[in-house]
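What follows is a short report on a single structure.
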Amino acid sequence: MAKVSKIRKSKKRSKVAGSSSKKPPVVYDDEQEEDVCGAEEDVSSEEDDGEDERKRQKLLEAIGALGGKRKHALAERSEAAVHMSEFSMTADDEADLSDLIGTIEKTPAATAQTKKHLKNLQRSKNTVECPLSKQENERIQRDVAFQKAALEVSRWQSIITQNQRAEQLVFPLNQEPSGPKPIEQVVMGWEARTPLEKEIFSLLAANKQPILDAVLTPAEEASVKAMDLEQVKIRRAERQKARALQSYYEAKARRERKIKSKKYHKVQNKAKRKEFVKQFEELVKTDPAAALEELDKMERARMQERMSLKHQNSGKWAKSKAIMAKYDEGARKAMQQQLEVNKDLTQKLVTSLSKEEEEEEEGEGNTDMLPDFVNDAEFKQDSSNPWMRGRLSEDPTEMELKDTMDALLREFDSRRKQRQDQESDTSAVIVNDGDDGVEEDQVTEDKVAEISDEEEEGLSEFTRMYRGIGKSLEKDAGSKDGSAELEEGLMRIRSVDDVDLLPQETPTEPQQAPTPQHQKSAEQQPSRSRKRKKGIELREVLTKETKVIKVPLAPTVTDSEEKLDQRVLIEEAFAGDDVISDFAREKRKREDEGKPKVIDLTLPGWGEWGGLGLKPSKRKRRRFRIRTEVPPPRKDQHLPSVIISEKRNSAITPHQVSSLPFPFENPAQFESSIRTPLGRTWNTERTVKKMTKPRVVTQLGAIIEPMADEQLLKGKKKVSARRRSRNTKTRTQPAK
Amino acid sequence: YAKLSTHGCISYVVFRFQMKVKVLSRNPDDYVRETKLDIQRVPRNYDPSLHPFEVSREYTRALNATKLERVFAKPFLASLDGHRDGVNCLAKHTQSLSTLLSGSCDGELKVWDLTKRECVRTLQAHEGFIRGVVVRYCGTSFFTVGDDKTIKQWTMETPGYGEEEEPLNTILGKTVFTGLDHHQNKSVFATCGQQVDIWDEQRSSPIRSFSWGVDSFSSIRFNPVETDLLGSCASDRSIILYDMRESTPLKKVVMTMRSNTLCWNPMEAFHFTCANEDYNLYTYDMRFLEKPIKVHMDHVSAVLDVDYSPTGQEFVSASFDKTIRIFPKNDGHSREVYHTKRMQHVICVKWSSDSKYILSGSDEMNIRLWKANAAEKLGVLSHREREAANYSQKLKEKFQHHPQIRRIARHRHLPKIFSFYRFGFSSTKPGSVPVLSEKEKHVVSVVK
C-alpha cells in the first residue's frame, strides 16, 4: 500500500517538473509517458472520495480471510461504473502485489522458480528507488552521447598532430597518381558522344570487335577455345617468335635510319645495288621475260630521272649553293655530289642483254648528258684538248715501268715521229696520239680509276688547273713561251733521248723565275708522286730544317722600371704621413681612455674655511677622491695592428633583436638559427631546395576537399609501416 | 708543305724523346648544359671563406624581400556589384571554383561567374531576407532559407528562355529559419531558428529536432570531417554541439557574449572557431570546452562571420568594423587585414575552395574578391620564379623577429579610428580586477 502511494507521489512530482521546463524535448517516447500520467491522474481524482469506505471494506475482508480456507468472493457490481476491469474488478479497486501473488500460488501453471522469486521479492523490505527526474535523465543521456562523440573524434588525433609536425603539406590530399592509367579504366569512363564515335562503336559492335577489353575478338576467343592446349602453345610460341623477330627488325631499321654518315649509306646503297644486279642476272638466266620487264621498269625510271630537274642543280637549294660555291669548298662539293647522284641514276645499266648497244651509245650519251665541266672529267680521247694529251702521256715513271721491248719499239716510233715533228711542228701531238692509241687507252682507264679514287681535292685542283691552262692558251696564242714550254715538257717525256736529258733540265727549273705555269707544274709533280708513295718519308722530313717561330719577347725591363717609378711616386706622394705611428698613437689613446682614473670631487671650502692658498684637508681629499674600476683586459692587447672597439654601435642597434623571441629557449639557439645561411651562395642546390621547401603546397585551380576517412586509413598505414620498419631494425641489429 | 713538314717534325719529336705533352682539359659534362633551355652551369666553390658575411647578406636580402612584399601587396581583385540590398549570405559551389551564390536582404539570389566577374543568374528566392544559402554536395542544386518561413530547393541550371524560375521543392516551416547547412555526403540538411532541425531531403518534416532551453539560434554548421556532428550558436551566448544520430544535444559552452557564427576546421575534426560579439574569435577543441585553445584578437568591433581556408591552416573573419582579417589558426593576432574606403560592415565571408581567394559580402551591396596572399603572383610561375619566391619566403621567416623587418612586415595603412578603438578605453584601475588569462576570461560555464 505504502509503496504504491509513494510511486504515485513521485510521478506527480515528475509531472510538475515537466510542466515547469518550458520546452520539453519533442520525442515520441516521452509523449506516451505523458499520456499515461494523465490517465492516472484522472483515476486518482475519482478515488479520493470513497477512500475511507474502501479501506474499511478491505480490512473486513482481510479479517474474514484470516480464518479457515481462503475464499475469494467475487466482487459484485453494486452500481453503474464507467470503468469495468476485465478481472471483474471495478476501477475503484486496487490490485495489491500480495493479491496477485496469491492468485499465482493458486494457479498450477506457474513454475516453482517464479514462485520462489516472487516470494523473495515479497520478503525483501527495501523500497524501490524512485526514477530520476527528466532533466537528470537527459543530462546523463547527453553525457553519454558526448563521451561517445569525443571518443569518435579522438581517432583523428594522430593524423592531426602528424600534420602539425609535417615539414610540408600538399593539398589536395587525395591526389591521383600521375602517369598513364590502365586502359580499362580510361575506356570504361569514356563515352561515345559525337556521331562519328557512335558510328565507329556501332560498327565495332556489329563486327563483334572487342571494345572494352581489347585483347581478343569473340571469333578469336572461340578459335582459341576450339584448339587444344598443345596447339595453342605452339601457336603462341610462333606468334611470340614472329613478334620478337619483327621487333628486332624494326629496331635494326630504326638504328640504321638514325646513322648520319653519308659514307655508310653510300656503301649500303652500293651493296644493295650490287645485290640487285646479281639477282637480276640470275633472273635473266632463269626467266628472261621477267628480266626484260624489270629492265623496262628501270629504263622508265631512268627516263623519268632524265626528264625531271631533280639533281640537276637547278633547284632553290642548288642556286643558293651556287652563290656560295665561289667561297665555300663544301658548297662546291655538295653540288658535285648532286651531279654524281644524277649521273648514277641516269646511267644505263650494264647487262648482258644490252652491253653491245650500250658500248655503242656510250660515247655520245655521256658527252651529251652531262651539263657541267665536272663531267668533262670523264676522260675521253679528246684530240682537240692539248692539255689532256700532255697530261695523259706525261708520267715518266710509268714509261719506265713498261717492258723494255715495248720501250724499244716505241723508241723507234718516236724517232720517226720526231722527224715528222720537225717537218710539221704543230701536228706533232696528233700524230703521236694516232700511233700509240692502245697504250693511251690503258693509261686513260688507269687515270679514271685513280681520279675516282681521289677525293674532291684532286678533282677541284684538276679543274682549276684545266681552267687556268685553257685561259692562258686562249689569251695568247702568240706568246709561245708557255705553250713552247708545255710542248717541251711533252717532248721531254715522250722521247727516250729526252729522258736522258731530264736530270740536266730539272735542276735548272727552280732557278728560273716562277711563272704561274711553272708553279702549277711544280704542284702537279708532288701530287703525282704522292700517288706512288703515300705517307711521309722520314728521310725527306729529316733533311729539312724545322721552322723557328720567333716570339716577341715581353719588354720586362721597361715594365719593372715603370713599377719602380710607381712605387717612387707613391712614396713621394705620401711622404708626409706616417701611418704606422699614427695607428700606434690612436691605439695608445684608446687604451688610455680605458685605464682607471682618479676623479677628485673635493669642493674647497665646503665645511671648512675657504679662500686663496687654503687646501682642503687630507681626510676630505681621500674621502672624495674616487677611483674608477679597473676594466677587463682589452681584447686587442696582444694584437699590435688591431684596435678592437667594444663600444655599442648605435647604427646597428635598430637592426638587432632586443629580446629572445618566443619559440626559442636560449640565445644560443636563436643565434644558431640565424647563423645557418639558406641561399645558394652557401649551399648546394639540393640543400637549398630542401631548406626552402614551402610549408603548404596547393595546386592551382584544384578544389581542396575536407579530410576524409581514407586519410585516416592512410595515416594508420604509414604509422604501422614505420613501426614495422623500426621493429625490423631493432631485430636485425643484434644479428649484426 | 710547310704545314706538312712542321707536322712531321712534331711527330718525330714525340717519337724520339717520348715526351708527354700535358694539356689542360676538362669534361664537357661539367660545363655544357644538356639543352639550351637549361640554365647555365656555374661551377661553385662553397668554401665559406670565399663567401663571407653570410648573415648580413641574407639579412639584407630578407629586408629587401619584405619591402618588395609590401610593394607588391595588392590584394583587391574585383568587386561584384548588382545586388540591390546588403549581401546577407554567400555560398561556394562544391564542384566548380568559378561559381558563387549570394543572397541579399531583399530576398534576391544571384549566381556569379567569378572568372568573368559577372552575374549569370538572378532569382527572387524569398520574401524578406535570405538567411542562408547552401549548395548540395553534388553541386546540382542548392537550398535557401528565408524570413518567409520557407526552405526552398533550386536547381543549379539556369532555366531556358521563357521559363520561370521555380524551386524544385518548397517546405513550409512553422517558424523563421535563421541558418542552414548541408551534410557533407548525405542527403540531409540542418536548419536553425527556434530550434535546430535535421531534415531529410525527401521529407517535408524534420527527421529530428533539438532544443535545449534556447529559443533562437543564429547559425548552424556541419562538421566536414566527422560528418555527423554539428555546432550551433545560440542567442543565450552559448555554443551547442549536436550529433545527428543522437536524440539529445551533446554539450554547450556559455560565453560572456554571444557568438555569431562558427566554422569547423576542414582538416582537423575536433577544432572549430567561433566569431564572437566581443570582437574576438575563439578556437575550441570540441572535447575540451572549458577554455578555448586560442583567442584571436584584432578586430575592433563585433565579428560577424568566419570561414576556414580549405587547407585548414588559416581562417578569415569578417567584422562589423568594416575589415576582413586573416588569422593563422594558432596565432593570437591576424597576419593580414583588408579594408577599402567604400566597404561597409562585412556581413559574410568565404575562403575559396582552392585556397587562393577570399570573397566578402558587405552591407553596401557589393561582393569583393580578394587574394588570400596579398603579394602572391597569380597564375603559373616559372621554375626559377617559384624558387626565388620560396627562398625569399624562407628568408622572411628566418629574420621575422628582427625589429626592422617586423616593422615593415606588420605595417598596414588603416584608418585612424582603429588605433583609437584598440587603445582608447582603459576605465579600470590596474590591479582592481583580478588577473585572468585571456583564455579563461570569456567562458562562463560549460553545461553538460
### Task
Please compute the Cα-Cα pair-distance distribution of region B:258-316 with 10 Å bins starting at 0, giving whole percents from short to long.
26, 57, 17
### Summary
On protein heavy atoms with a 1.4 Å probe, the accessible surface that disappears when B meets A, both sides summed and given to 100 Å², is 5800 Å²
### Task
Could you sort B:176-189, B:301-314, B:107-120 so that the peptide with the highest average Cβ count within 10 Å comes first and the rest follow in order?
B:301-314, B:176-189, B:107-120
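Anything over 22 Å Cα to Cα? Flag those among A:Lys689/B:Lys74; A:Lys241/A:Lys266; B:Lys67/B:Lys341; B:Lys356/B:Lys377, in the order listed. Don't jump to the answer; show the numbers that get you there.
On the way: A:Lys689/B:Lys74 28 Å; A:Lys241/A:Lys266 33 Å; B:Lys67/B:Lys341 24 Å; B:Lys356/B:Lys377 11 Å.
Beyond 22 Å between Cα atoms: A:Lys689/B:Lys74; A:Lys241/A:Lys266; B:Lys67/B:Lys341.
Per DSSP H run of at least 4 residues, take -39500 (n - 2.57); add these up for chain B, divide by its residues and hand me the 222 nm value, nearest 500 deg cm²/dmol. Don't skip to the answer; put the middle values down first.
Details: 6 runs with 72 residues, N = 448.
It comes out at -5000 deg cm²/dmol, rounded to the nearest 500.
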## Note on the structure
In whole Å, largest first, the alpha carbons of region B:201-276 cover along the principal axes 38, 32, 18
## Note on the structure
One quarter of the C-alpha convex hull surface, i.e. the mean projected area of region B:83-167 in nm², amounts to 5.2 nm²
### Query
Is the shape of region B:360-411 rounded, prolate or oblate, going by the alpha carbon gyration tensor and its root eigenvalues a ≥ b ≥ c, with a/c under 1.5 for rounded and a/b larger than b/c for prolate?
oblate
## Note on the structure
If the label point sits 7 Å along Cα→Cβ of A:Ser308, residues of region A:315-344 with amide N under 16 Å come out as A:315-318, A:338-344
### Message
Angle check, please: helix B:2-17 long axis (alpha carbons) against the longest principal axis of chain B (alpha carbons), in degrees 0 to 90, nearest 10.
### Response
90 degrees
### Query
Whose amide H sits under 5 Å from the amide H of B:Phe315, counting only residues 5 or more places off or on another chain, with H placed in the peptide plane?
B:Ser309, B:Phe327, B:Lys329
#### Entry: Largest-first principal axis extents, alpha carbons of region B:58-113, Å
55, 27, 15
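Using r as the Cβ-Cβ distance of A:Gln175 and A:Leu564, and R0 as 60 Å, what FRET efficiency do you calculate, to the nearest 0.05? Mind showing how you got there, number by number?
Values: r = 74 Å, r/R0 = 1.23.
The value I calculate is 0.20.
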### Query
Which order do A:Glu710, A:Glu685 take when ranked by solvent-accessible area (1.4 Å probe, heavy atoms of all protein chains), largest first?
A:Glu710, A:Glu685
### Query
Taking a threshold of 23 Å on the Cα-Cα distance, which of the pairs A:Lys270/A:Lys310; A:Lys285/A:Lys310; B:Lys92/B:Lys329; A:Lys716/B:Lys252 fall above it?
A:Lys285/A:Lys310; A:Lys716/B:Lys252
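Using the Kirkwood formula over every pair of different C-alpha atoms, what hydrodynamic radius in Å results for region B:286-341? All intermediate terms of the calculation are to be shown ahead of the outcome.
Numbers: mean 1/r = 0.0838 Å⁻¹.
One over the average 1/r among Cα pairs gives 11.9 Å for region B:286-341.
Assign one of three labels to chain B, namely rounded, prolate or oblate, based on the Cα gyration tensor with a ≥ b ≥ c the square roots of its eigenvalues; rounded applies when a/c is under 1.5, prolate when it is not and a/b is larger than b/c, and oblate otherwise. Don't jump to the answer; show the numbers that get you there.
Details: a/c = 2.68, a/b = 1.92, b/c = 1.40.
Because a/c hits 1.5 or more and a/b exceeds b/c, chain B counts as prolate.
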### Summary
The percentage of Cα-Cα pairs in region A:217-261 separated by more than 12 Å is 71 percent
### Message
Can you compute the radius of gyration and Dmax for region B:266-370, using only the Cα atoms, both in Å?
### Response
13.1, 42
### Query
What nm distance separates the two modelled labels at B:Arg406 and B:Lys116, each placed 7 Å from Cα along Cα→Cβ?
5.0 nm
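Would you tell me the mean number of C-beta atoms belonging to other protein chains that fall within 10 Å of each C-beta in B:266-273, as a whole number? Before the final figure, lay out the partial values.
Details: counts 4, 11, 10, 11, 8, 3, 0, 0.
Mean number of neighbouring Cβ atoms from other chains: 6.
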## Note on the structure
Quick calc: nm separation of the 7 Å Cα→Cβ label points for A:Lys148 and A:Leu713 -> 2.4 nm
### Query
A:Leu59 to A:Ala575: extension gain in nm, 0.36 nm per residue of separation minus the Cα-Cα distance?
171.4 nm
### Gyration tensor verdict on region A:587-686 (Cα atoms; rounded if a/c is under 1.5, prolate if a/b is larger than b/c, oblate otherwise)
prolate
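The values are calculated or read from the model by the stated rules, or taken from the named source; none is laboratory data. These numbers come from a predicted model, not from an experiment. Don't worry about glycine lacking a Cβ; one is built from the backbone with ideal geometry, like all the others, and counts go over all protein chains shown. Quick note on the areas: whole protein, heavy atoms, side chains included, nothing else; ligands and nucleic acids left out. Shrake-Rupley method; radii C 1.70, N 1.55, O 1.52, S 1.80 Å.
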